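First up is the structure itself, then whatever we jot down about it.
Nothing in this text is a laboratory measurement; each read-out follows from the coordinates by a stated rule. Treat the numbers as computed from the prediction; the structure is a model and nothing was measured. FYI the Cβ positions are ideal-geometry reconstructions off the backbone, even for glycines, and counts take in every protein chain you see.
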């Protein structure tokens, strides 16, 4: 059983809650490979797909028939598979599923596009709990109201409004620290203000203040909890404090790494002292490829995440449990690009950031803030 999948009362849940996802086979696989999959993975049936669509299934019955008919082990499984296996929709009841499984001992669960969701057996149905595998890469986000997690199909934890609040908070801190730095810059002598190095130092100070504000805000602890829960999920660990609490706060897919990569590349490309554009591009590419991950990991360890509190860790665990629970009820096998983008939280964060940027723009006008002080 996957971590966090303990079942309370599953009596009225649809069959999708009891399915087991299995990696499907291909029509071009040999009978030998299909037989090895069945034996090594301990599954009663291997669904066969083509272009994401279910085209058949092979079980011990089909293998025995193929052997009896003299098909060689190297023959493609398409010659032996059942092209009309017992199918179930994800919304079928347990009673309906048991009836369909009665003859073969299994059924394949597919969505409305005939794409594989998983397989179901009487034992899975009667045990009262599913064994859906963790599908897709888990991503997440720290919000002021807890951890948000998603695998691109379903989500768990904080609400979309919490993601909006994250964008709003980051935008607020960025505008506030930027305005403060630009205002302080005007206290310098006029000649100093116009130096190119002054602008570089001002931008550097702005970034340092922004990162310090994030580091000492509660958001960094929530960010740490998010990474720790994702590690636990991907390692198949139980979602309990004593296990999650020892996971790493550094994750290779963190947005911090991406931000470092973009900053390094654009920063080097803006160095006008390297007149040759091709040389600048080569240098920017090499330095970014070599340093983006090590620097990103250092920033995660010491700046963008911190050790979560007991409550922050509990919020992260709840988000992970929610995600696994919602995966059991997912009605789609392969979501659209738009669906994935919405689940990623990108639109919600951008909306929050844009709303705060608009408020600052209005405040600048009302308070008649000098143009040089404004964050654009």
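Relative contact order for the chain: what percent, with Cα pairs under 8 Å and sequence separation of 6 or more? Intermediate results must be reported in sequence, preceding the final value.
On the way: 631 pairs, mean separation 85.9, N = 376.
That works out to 23 percent.
Dividing the convex hull volume of the alpha carbon atoms of the chain by its residue count, what do you get in Å³ per residue?
Values: hull volume 66.6 nm³, N = 376.
Looking at the chain, the number lands at 177 Å³ per residue.
Just subtract the alpha-carbon distance of residue 355 and residue 67 from 0.36 nm times their residue separation and send over the number in nm, one decimal.
Details: separation 288, 0.36 × 288 = 103.68 nm, distance 6.64 nm.
Stretched out fully, the residue 355 to residue 67 stretch lengthens by 97.0 nm.
What ranking do 263-274, 173-184 get when scored by the average of other Cβ atoms within 10 Å per residue, highest first?
On the way: 263-274: 13.4, 173-184: 18.2.
Answer by packing, highest mean first, reads 173-184, 263-274.
What is the angle, in °, between the Cα long axis of helix 310-328 and the longest principal axis of the Cα atoms in the chain? Nearest 10 is fine, range 0 to 90.
40
Post the alpha-carbon centroid distance, the stretch 67-101 to the stretch 182-246, in whole angstrom.
The stretch 67-101 and the stretch 182-246 have Cα centres spaced 53 Å from each other.
For the chain, find the longest principal axis of its Cα atoms and tell me its angle to the long axis of helix 31-41, 0 to 90°, nearest 10.
For 31-41 against the chain, the angle is about 70 degrees.
Rounding to the nearest 10 and keeping the result within 0 to 90°, find how far the Cα-based axis of helix 94-104 lies from the longest principal axis of the chain.
The two axes meet at around 50 degrees.
Say each of residue 145 and residue 234 gets a label point 7 Å from the Cα, pointing the same way as Cα to Cβ; how far apart are those two points in nm?
Rounded to a tenth, the inter-label distance reads 2.8 nm.
Can you give me the Kirkwood hydrodynamic radius for the stretch 15-127, using every pair of distinct Cα atoms, in Å to one decimal? Walk me through the intermediate numbers first.
Values: mean 1/r = 0.0713 Å⁻¹.
Radius from the Kirkwood sum: 14.0 Å.
Which shape class, rounded, prolate or oblate, goes with the stretch 305-376 when its Cα gyration tensor gives a ≥ b ≥ c as root eigenvalues, a/c under 1.5 marks rounded, and past that a/b bigger than b/c marks prolate?
oblate
Would you please put 334-340, 18-24 in order of how densely packed they are, using the mean number of other Cβ atoms within 10 angstrom per residue and starting with the highest? Display every interim value, and only then the final one.
Values: 334-340: 12.7, 18-24: 20.7.
Final packing ranking: 18-24, 334-340.
With bins 10 Å wide starting at 0, give me the P(r) of the stretch 173-307 over every alpha carbon pair, in whole percents.
Per 10 Å bin, starting at 0, the Cα pair percentages come out as 11, 29, 30, 20, 8, 2, 0.
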